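> Sharing a structure here in structure tokens format.
What follows is calculated from the coordinates using simple rules that are stated; it is not laboratory data. Model, not experiment: these values are computed from the prediction. We place every Cβ from the backbone using ideal geometry, glycine too, and count neighbours over all the protein chains shown.
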Amino acid sequence: MEDRLFPKTVDEIIAEKVKFFFLPQRTEALIKNLVDGKVSERSLVCCHSGCDVCYETIHLCYQAVKNELQS
């Protein structure tokens, strides 16, 4: 556990989770838009076509961000 004077910002949490899920840095903006409610979580549907960045992985990352923000 790291000692911090201030809690992590939303952007720091997002960057940490994107790195944890081995997602490209460009997905941080999408996760931020999901957190801000600018993009619907319902848009993250896996189509099983082998996308470069799978929406299922992005959804898992988003859920991890939401869980950390709620705790």
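> Being surrounded by 10 or more Cβ atoms within 10 Å (Cβ to Cβ) and either assigned to a loop (DSSP other than H, G, I, E, B) or in contact with a strand residue (DSSP E or B) (Cβ under 7 Å, 6 or more places away or on another chain) (or both) is the filter here; which residues of region 46-71 pass it? Before the answer, list the steps.
First pass over region 46-71, keeping only residues surrounded by 10 or more Cβ atoms within 10 Å (Cβ to Cβ): 46, 51, 53-69.
Across region 46-71, the qualifying residues are CYS46, CYS51, VAL53, CYS54.
> Tell me, yes or no, whether region 7-18 has at least one residue that is among the polar types (S, T, N, Q) and part of a helix (DSSP H, G or I). Lay out the reasoning, then the answer.
Going residue by residue through region 7-18, those that are among the polar types (S, T, N, Q) are 9.
Cutting the leftovers down to part of a helix (DSSP H, G or I) gives us none.
No, that holds for no residue.
> Is it the case that LEU23 is touching a Phe, Trp or Tyr at 6+ places or on another chain (Cβ under 7 Å), aliphatic (A, V, I, L, M) and either assigned to a helix (DSSP H, G or I) or buried (at least 16 other Cβ atoms within 10 Å of the Cβ) (or both)? Please lay out each step first, then the result.
On the way: touching a Phe, Trp or Tyr at 6+ places or on another chain (Cβ under 7 Å): no; aliphatic (A, V, I, L, M): yes; either assigned to a helix (DSSP H, G or I) or buried (at least 16 other Cβ atoms within 10 Å of the Cβ) (or both): yes.
In short, no.
> Just the residues that are among the charged types (D, E, K, R) and under 10 Å from the mean Cα position of the chain (by Cα), please, taken from region 57-71.
Pass one, region 57-71, residues among the charged types (D, E, K, R): 66, 68.
Listed by number, the list holds a single entry, LYS66.
> Identify all residues within region 27-43 that are surrounded by 11 or more Cβ atoms within 10 Å (Cβ to Cβ) and in a helix (DSSP H, G or I); write none if there are none. Working first, answer last.
Taking region 27-43 as the starting set, the residues that turn out to be surrounded by 11 or more Cβ atoms within 10 Å (Cβ to Cβ) are 27-35, 39, 41, 43.
Once the filter is applied, which keeps residues that are surrounded by 11 or more Cβ atoms within 10 Å (Cβ to Cβ) and in a helix (DSSP H, G or I), region 27-43 yields THR27, GLU28, ALA29, LEU30, ILE31, LYS32, ASN33, LEU34, VAL35, GLU41, SER43.
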